[in-house]
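The block underneath contains the structure these notes are about, expressed in structure tokens.
FYI, it's all coordinate maths here, none of it is from the lab. Only a predicted model underlies this, so the values are computations on that prediction, with no experimental measurement involved. As a convention, Cβ positions derive from the backbone with ideal geometry for all residues, glycine included, and neighbour counts pool all protein chains shown.
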Amino acid sequence: MQGTIKDLIPQMLELDEDKIYELKEIKKKRTLDQNSYYWQLLNKLSKKLKIPSTELHFELIKKSCPFEEYLVPEASNLRALEYYEERNKIEKNGKEFKVIRVYVGSSLLDTSEMGILLDNLIEECKLQNIETMTPEELAKMRSLERGRK
């Protein structure tokens, strides 16, 4: 069931009262335009700074993206996680744990979150005198994104 709140309320009144339901906002995933422009700029910055683009990408993710922190056993192998960093170590109930911060990767961002990531990249590019879209061009791209929501 999807729709605006006004669409959903009548439908919700028809549901089984003995069941529990979850209601959540549907957010538009990042656009192909955002993603393409992000990687284009990231590669230019990578060449200018002589830093691998994967390293720059992770630094921007840490600066820009949502995250969650978890306690994992000290001996855990975390190879299945793409974007995480170890924060510190603690002892709990006589066992050693590490605190890890797991970041949301850019492929899972919504348009608003991707906008933050892109804005931070643009600021880094400006510091290195790398040409970016004008504010007007960015505004146009963003207005097109809002129209797709």
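Give the peptides 15-21, 33-39 in descending order of average Cβ contacts within 10 Å, highest first. Spell out each step's value before the answer.
Values: 15-21: 6.6, 33-39: 16.6.
Peptide ranking by packing, descending: 33-39, 15-21.
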- Give the Cα extents of segment 29-105 along the principal axes, in whole Å, largest first. 49, 30, 19
- Query: Taking the Cα-to-Cβ direction at residue 126 and at residue 8 and moving 7 Å from each Cα, how far apart do the two end points lie in nm?
  - Reply: 3.7 nm
- Could you give me the radius of gyration and the Dmax of the chain, taking only the C-alpha atoms into account and expressing both in angstrom? 20.5, 61
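Beyond a 29 Å Cα-Cα separation, which of these cross-linked pairs lie in this structure: 47/89; 62/140; 47/98; 50/89; 47/140?
On the way: 47/89 36 Å; 62/140 27 Å; 47/98 35 Å; 50/89 33 Å; 47/140 27 Å.
The answer is 47/89; 47/98; 50/89.
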- Message: Show me the ranking of peptides 126-135, 43-52, 105-114 by mean Cβ neighbours inside 10 Å, starting with the highest.
- Response: 105-114, 43-52, 126-135
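Excluding residue 88 itself, what net charge comes from residues whose Cβ is under 12 Å from its Cβ, given Lys and Arg +1 and Asp and Glu -1? Display every interim value, and only then the final one.
On the way: positive: 87, 89, 98, 101; negative: 69, 74, 85, 86, 91, 96.
Net charge around residue 88: -2.
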- Normalising by the residue count of the chain, find the relative contact order in percent from Cα pairs under 8 Å and 6+ residues apart. 27 percent
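Give me the extension gain from residue 46 to residue 85: residue separation times 0.36 nm, minus the current Cα-Cα distance, reported in nm with one decimal. Walk me through the numbers on the way to the answer.
On the way: separation 39, 0.36 × 39 = 14.04 nm, distance 2.13 nm.
So the extension gain works out to 11.9 nm.
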- Once the dipole of the chain is set up with Lys and Arg at +1 and Asp and Glu at -1 on Cβ about the Cα centre, which of 77, 115, 129 lies farthest towards its positive end? 129
